[in-house]
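Data block below; observations after.
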Amino acid sequence: MTKYLISFPSAAMQVSAEDLPAVSAASHAVVREAKAAGVWVFGGGIDESIPPVLVDGAGAVAPGTYPQTARLEGGYAILDLPSRDAAVEWAAKLAVACRCAQELRAFAFDPES
């Protein structure tokens, strides 16, 4: 099994306030389905009200982030799936529920995890 990251940036979800309850219900239904199927690992949205910080090896904290990840936000789901085809199917379900395309990435295999 491979763990897959399915995600979207906040700006991709163009949903009116009126439609937000339906989108929320649909996305939670997909989460429940993934949990029932035993493939759900973790998911959620980045809390964009809390600014990111960099923490070094000594534990010092500095405001900011790496330049290439400065716009890391949106929603994320990690699923443990048997194939890329299965990951595409779950990404499509989330795309329908969230009303926006989903980015799909595979985590590299780590025999220690």
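Here, each number is a calculation from the coordinates, and none is a lab measurement. What you see is a predicted model; the values in this text were computed from it and never measured. So basically every Cβ, Gly included, is an ideal-geometry build from the backbone, and we count neighbours across all protein chains shown.
Put the Cα centre of region 1-37 next to the Cα centre of region 68-107 and the gap is 9 Å.
Amide H contacts for Phe8 (H built 1.01 Å from N in the peptide plane; partners 5 or more residues away or on another chain; cut-off under 5 Å): Gly75, Glu103. Model label sites at Leu72 and Ala29, defined 7 Å from Cα along the beta-carbon direction, differ in position by 3.3 nm.
The alpha-carbon atoms of region 14-82, seen along their principal axes, cover 41, 35, 18 angstrom, with the largest extent given first.
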